Each structure stands twice: as structure tokens, then as C-alpha cells.
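Here is the structure we will look at, set down as C-alpha cells.
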Amino acid sequence: MSHEPAPSADKSSTKPNRKKSKGGGFRARTTARLGAVQVLYELEMNPDRKIEAAVRDYLEQPPPSDPDDQDAAVMVPPDTQLLSRIVRGTADQTHDLDAMIDGHITAPWSPDRIELLLRCVLRAGAYELLSHGEFDTSLVIKEYMAVTDGFFSEKEPKLVNAVLDRLAKALRG
């Protein structure tokens, strides 16, 4: 008995596989951003935890399942260098990033209403906009909106879009 799916005329089912390039590519950067936010949150919850140990422990875990991709058994492993750079850079610049973020939050939101996990998303996105000019601005914003969407409802991804867009215009013109 064969366990292979029956051939389909629908070519859209092959699209997700194109994002999973052997060299890492788009999906590896996406999972790196998601992982970086998770590590940053862990560091906030455990202030005595060392950055290098948290990154190492995260990277040594098997990749989590992707509930949104029925064709994939596990998520694409993260771009480890990108994940490490985001975590280290964000952790090193937390105070400055928070000041930038807080200056771009508008009503009805206020800086003191931002949950810690959402702040970790904003910090990582702000850090990338500030320090990783090699990545397209709209791609960075879109990816952090997607990360946010995995944890929150529609209001929070819209906030991430608005704040990172304002920051991008201030930082990148």
C-alpha cells in the first residue's frame, strides 16, 4: 500500500516547497526571526540566563512542527547566524530600541500597554531595520507581522506593521 499522495492537477500545493531552499533562504530566515523572538522572550523571563546559552539551547532543540503547513512534518531549521545576530544585537541595544519603539507608538496604544512578547517582536524588528540593511524593509516588516500573527489576534500584527513602518521611514528613509 502506497503512502504517497495521489497526483493532483492543482500546482499550488507545490508552492510552499519553493520557499524551502537547500541554502536556507526565505523560510530559514523566517524561522530565525521566530526563534529570535522566542529566545528574547525567554531571556526577559529569565534575566539571569546568559544569551549564548539561551541561543545554543534553542538551536539544539529539534525544529518545532508547523501547524499551518500540512505538507511539512517540521519547520525549516532557522538560519542560525541570523538568529544569533538578532538575539545578540537586540539584547545589546534593548534600551535604545525601546526608546525608538516608544517614540513611534500612537493612540490608542501606549508604551505601557505593550505586552512583553509583543515588545520582543518589536525590538527584534527594530533591531533588524536599524542594523540589517541587506534585508528589504517591506520583507522585514511582513515577516515580523507574520511572527506576531502566530501569537496574537489582528490588532497586534497591525500595531507591529504601523510601528515598524514608522521606524523604517525614520531609519531608512
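Past the 19 angstrom mark, what percentage of all C-alpha to C-alpha distances in segment 109-173 do you count? Within segment 109-173, distances greater than 19 Å cover 23 percent of Cα pairs. Here the label points at Arg166 and Asn46, each 7 Å from Cα along the C-beta direction, are separated by 3.4 nm in the simple model. For segment 34-173, the dipole from Cβ point charges (+1 on Lys and Arg, -1 on Asp and Glu) about the Cα centre works out to 480 debye, to the nearest 20.
Which order do Arg27, Arg85 fall in if you start with the one that has the fewest other Cβ atoms within 10 Å?
So the residues, fewest neighbours to most, are Arg85, Arg27.
Let's test the formula: R0 of 30 Å, r as the Cβ-Cβ distance of Glu154 and Asp98. What FRET efficiency results, to the nearest 0.05?
0.80
Could you run the Debye sum over the Cα atoms of segment 54-173, one equal point scatterer each and no solvent, and tell me log10 of I(q)/I(0) at q = 0.13, 0.16 Å⁻¹, two decimals? At q = 0.13, 0.16 Å⁻¹ the computed log10 ratios are -0.54, -0.81.
Where a number appears in this text, it was derived from the coordinates with a stated rule and is not lab data. No experiment lies behind these values; they were computed from the predicted model shown. Note: ideal-geometry Cβ built from the backbone for every residue, glycine included; neighbour counts use all protein chains shown.
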